[in-house]
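S.K.: Mind looking over this structure? Questions follow.
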Amino acid sequence: MARFSDKTRVLVCEDEDTIRDFVVLHLTREGLEVVDVNCGEEALRVFERENGNFDVVVLDVMMPGIDGFTVLKEIRKKTEEVGIIMLTAKTQEMDQVYGLMQKADVYMSKPFSPSVLKAQIDRLAERTASRPKTQEAQELLESGPFVLNPDSITVTKNGEPIELTPVEYEILKYFLQNKNTALDRSSILQQIWGDSYYGDNKIVDVNIRRLRMKIEDDPSDPKYIITIWGYGYKWEEKPDTRR
């Protein structure tokens with residue numbers, strides 16, 4: 001995705017004026033470039049008009065007209081790269097699971113701290129920004145048919161590119177840095193979402209499920225991301241049959 005600004009660019013879609021104005025004010029003061037809209041229809045128009053030139057999109061779930069889940073689904077049809085944060089007053093677990101399965105990266109319940117929102121935006125932006133190389137190229141991470149390139153932020157399987165969301169990419173990177181090592185859910189949560197995330201650790205399981213659907217030959221019988229029951233997950237090294 002082409003970048004036209006050195007600042008982190010954020011699209012905020014929130015129908016409640018007081019919440020939207022407060023979020024925009026806080027993020028702008030923190031040095032972010034913010035575009036705000038008050039409905040899902042306008043969010044899609046702006047995203048299209050700007051050619052997806054955003055690092056992060058912040059979406060309210062419950063809005064009149066097109067809701068946040070629909071906007072999320074339409075954006076993901078266009079790109080897996082942009083980070084997406086869902087905001088909602090709902091607390092039901094199934095709503096969170098549904099949102100994550102629709103490829104949101106973070107789910108935050110209202111009321112929320114603007115500082116926590118900023119921290120989550122920063123983490124997602126770090127994964128999506130095209131950073132210039134100021135040091136020597138980073139070493140490729142390889143395992144069987146998989147190659148992860150930290151410089152280009154790309155993943156291939158048998159030479160074919162795999163489109164991952166920023167969170168899915170970071171999870172896979174963490175696994176490849178810790179091959180054949182059992183990782184508990186808490187360590188994965190800490191590594192990927194950081195100290196500022198206070199949601200349910202089921203977010204780990206949902207994203208693992210999504211990642212398996214993209215990288216495993218048979219997600220129902222995974223060969224790479226192995227479940228350690230009652231603990232977490234392990235990346236199991238497999239030989240590359242091409243060699």
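The values are calculated or read from the model by the stated rules, or taken from the named source; none is laboratory data. These figures come from a predicted structure and were not determined experimentally. Note: ideal-geometry Cβ built from the backbone for every residue, glycine included; neighbour counts use all protein chains shown.
The rows are residues; the columns are (1) buried (at least 16 other Cβ atoms within 10 Å of the Cβ); (2) over 15 Å from the mean Cα position of the chain (by Cα).
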position: 9; (1), (2): yes, yes
position: 22; (1), (2): no, yes
position: 25; (1), (2): no, yes
position: 43; (1), (2): yes, yes
position: 51; (1), (2): no, yes
position: 62; (1), (2): no, yes
position: 65; (1), (2): no, yes
position: 71; (1), (2): yes, yes
position: 83; (1), (2): yes, no
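S.K.: Looking only at residues in the range 196-219 that are closer than 16 Å to residue 171 by Cα and of a type in the set (D, E, K, R), which one is modelled with the lowest pLDDT?
M.R.: 202
S.K.: State which residue pairs qualify: first residue outside the structural domain of residue 114 (by TED's automatic domain parsing) and under 12 Å from residue 9 (Cβ atoms) and inside the range 28-39, second residue of a type in the set (A, V, I, L, M, F, W, C) and surrounded by fewer than 18 Cβ atoms within 10 Å (Cβ to Cβ) in any location, beta carbons under 6 Å apart, and separation of 6 or more residues or different chains.
M.R.: The qualifying pairs do not exist here.
S.K.: Please give the number of the condition residue 163 fails out of (1) assigned to a loop (DSSP other than H, G, I, E, B); (2) more than 17 Å from the chain's Cα centre (by Cα).
M.R.: (2)
S.K.: Give me the pairs: first residue in the range 172-186 and in contact (Cβ under 8 Å) with a residue 60 or more places away in the chain, second residue surrounded by 15 or more Cβ atoms within 10 Å (Cβ to Cβ) and part of a loop (DSSP other than H, G, I, E, B), beta-carbon distance under 9 Å, and six or more apart or on different chains, which are they?
M.R.: As it stands, the answer is 175/224, since those pairs meet every condition given.
S.K.: Something else now. If the Cβ limit is 9 Å and pairs must be 6+ apart or interchain, which residue in the range 64-82 that is on the phi > 0 side of the Ramachandran plot pairs with which residue that is part of a loop (DSSP other than H, G, I, E, B)?
M.R.: 65/15; 65/39
S.K.: Restricting attention to the range 146-178, report how many residues are of a type in the set (D, E, K, R) and surrounded by fewer than 17 Cβ atoms within 10 Å (Cβ to Cβ). Walk me through how you get there before you give the answer.
M.R.: Applying the first criterion (of a type in the set (D, E, K, R)) to the range 146-178 yields 151, 157, 160, 163, 168, 170, 173.
Narrowing further to those that are surrounded by fewer than 17 Cβ atoms within 10 Å (Cβ to Cβ): 151, 157, 160, 163.
The total comes to 4.
S.K.: Is it the case that residue 241 is at pLDDT 95 or above and farther than 30 Å from residue 112 by Cα? Write out each step before concluding.
M.R.: Details: at pLDDT 95 or above: no; farther than 30 Å from residue 112 by Cα: yes.
No; evaluated as a whole, the condition is false for this residue.
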